[in-house]
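Sharing a structure with you now.
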Amino acid sequence: MPTPKHLLTLMEYSPKEVAGLLSLAAKVKKAPAKYGKVLKGQCLAMIFEKSSTRTRVSFEVGMVQLGGAALFLNKQDIQLGKSETVADTARVLSRFAQGIMIRTFAQETVEELAKHASIPVINGLSDSHHPCQTLADLQTIQENFKKLKGLQLVFVGDGNNVAHSLMIGSAKTGMHCRIICPAEYKPDSSILKYAQNEGKKTGSRVEVVHEIRGSAKDANVVYTDVWTSMGQEAEGVKRLKDFQGFQVNEKLMAESPEAIFLHCLPAHRGEEVSAGVMDGKQSRVWDQAENRLHAQKALLITLMGSRGKK
């Protein structure tokens, strides 16, 4: 059996492949009934070591709408990493399902699953990458501006998994990306270097700055995420202090009145974003959340559509 295609970081996808996913996502959103039997008889095994709202619902609903089924497996349901190795879990699930989606902590877990699985593996989120979110983000931006190349995305907050995937996604599509963060919370240097090198091929400029004042004046998109992610709760008090001054609020959005606001959710109103921006006229967060469904359906069709029943 040929090696399956996975979605691990988005780095493994060419600009053409990313464009193809976005094109398919738009078609799926416009005419969902056309794709209602594409994954008939197929099952997606969904492993959740981290809880979720949008990831679980979008993948489960997506599989149902494509004619297949999804199996929810939390860390209490299976032996992953406890009495059974990640490699053995991958081998077993490959005999039952036609795809695996995992939402976990360590990127190494995702990579290990993919190494030993004979079916597609999708990174639903790790501490290092969130590629599914970025696909939905790109779809939302493209819907609003009818293009991606040459636009300016500004991300304010922690240089985390969301920031990493946005840098990669921007580099793949020719969109400029500026990460604005405290110096202590800058993105991983190797991922930044990759995005900058990839951006040279597409005309994308990827940069990191630590001064928020005036940094959003040329923005088409302003994006933020929570200051304290799952697994970082012990750092909550420190992070709340360190990120003071890095809130996306009405004053910041006024620097770019034509820009749209995005947030991967859940949002902490009054911390990383003001309620006025979150619920304001520039906000597209609900369209963005919905697009998790359409972008992931496009991904599922692309990865699993030709596999058929075992």
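Determine the relative contact order of the chain: mean sequence separation of Cα pairs under 8 Å and six or more apart, normalised by residue count, in whole percent.
Once divided by the residue count of the chain, the mean separation gives 20 percent.
Pairs of Cα atoms under 8 Å, at least six residues apart: use those to get the relative contact order of segment 92-194, whole percent. Each step should come with its number before you reach the end.
Details: 152 pairs, mean separation 22.0, N = 103.
Averaging sequence separation for qualifying contacts and normalising by length gives 21 percent for segment 92-194.
Now for a separate question. Would you mind checking the tilt of helix 107-116 against the longest principal axis of the Cα atoms of the chain, expressed as 0 to 90 degrees and rounded to 10?
30
A follow-up question, please. According to the square roots a ≥ b ≥ c of the eigenvalues of the Cα gyration tensor, what is the shape class of segment 1-77, taking rounded for a/c under 1.5, prolate for a/b larger than b/c otherwise, and oblate for the remainder? List each step's numbers first, then the result.
Values: a/c = 1.61, a/b = 1.19, b/c = 1.35.
Oblate, since a/c reaches 1.5 and b/c is not below a/b.
What's the angle, to the nearest 10 degrees (0 to 90), between helix 161-173's Cα axis and the longest principal axis of the chain?
Once rounded, the angle reads 90 degrees.
Sorting check: for 116-122, 192-198, which peptide has the highest mean count of neighbouring beta carbons within 10 Å, and how do the rest follow?
116-122, 192-198
Separation of segment 136-192 and segment 268-303 by C-alpha centroid, Å?
For segment 136-192 versus segment 268-303, the Cα centre distance is 15 Å.
Using the Cα gyration tensor of segment 252-295, with a ≥ b ≥ c the square roots of its eigenvalues, what is the shape: rounded (a/c below 1.5), prolate (a/b larger than b/c) or oblate (neither)? It would help to have the intermediate numbers written out before the result.
Working: a/c = 2.63, a/b = 1.39, b/c = 1.89.
Cα axes put segment 252-295 in the oblate bin.
Over the chain, give the accessible area per residue in Å² for a 1.4 Å probe, as an integer.
Per-residue value: 43 Å².
How far is helix 131-145 tilted off the main Cα axis of the chain, in degrees rounded to 10, range 0 to 90?
Value to nearest ten degrees: 60.
Using helices alone, what [θ] at 222 nm do you get for the chain, with -39,500 (n - 2.57) per DSSP H run of 4 or more residues, divided over all residues and rounded to the nearest 500?
-12500 deg cm²/dmol
Quick one: among PHE105, PHE261, PHE72, which has the greatest mean-square fluctuation in a GNM of the chain with alpha-carbon springs under 10 angstrom?
Of the options given, PHE72 has the highest mean-square fluctuation.
I'd like the carbon and sulfur percentage of the solvent accessible area for the chain, probe radius 1.4 Å, heavy atoms only, ligands and nucleic acids excluded.
54
Highest mean first, how do 183-190, 60-67, 138-145 rank when packing is the count of other Cβ atoms within 10 Å averaged over residues?
Ranked from most to least packed, the peptides come out as 138-145, 60-67, 183-190.
The values are calculated or read from the model by the stated rules, or taken from the named source; none is laboratory data. Model, not experiment: these values are computed from the prediction. Glycine gets a Cβ as well: all are built from the backbone with ideal geometry, and neighbour counts include every protein chain shown. Just so you know, the surface numbers come from the protein's heavy atoms only, side chains and all, with ligands and any DNA or RNA stripped out. Shrake-Rupley method; radii C 1.70, N 1.55, O 1.52, S 1.80 Å.
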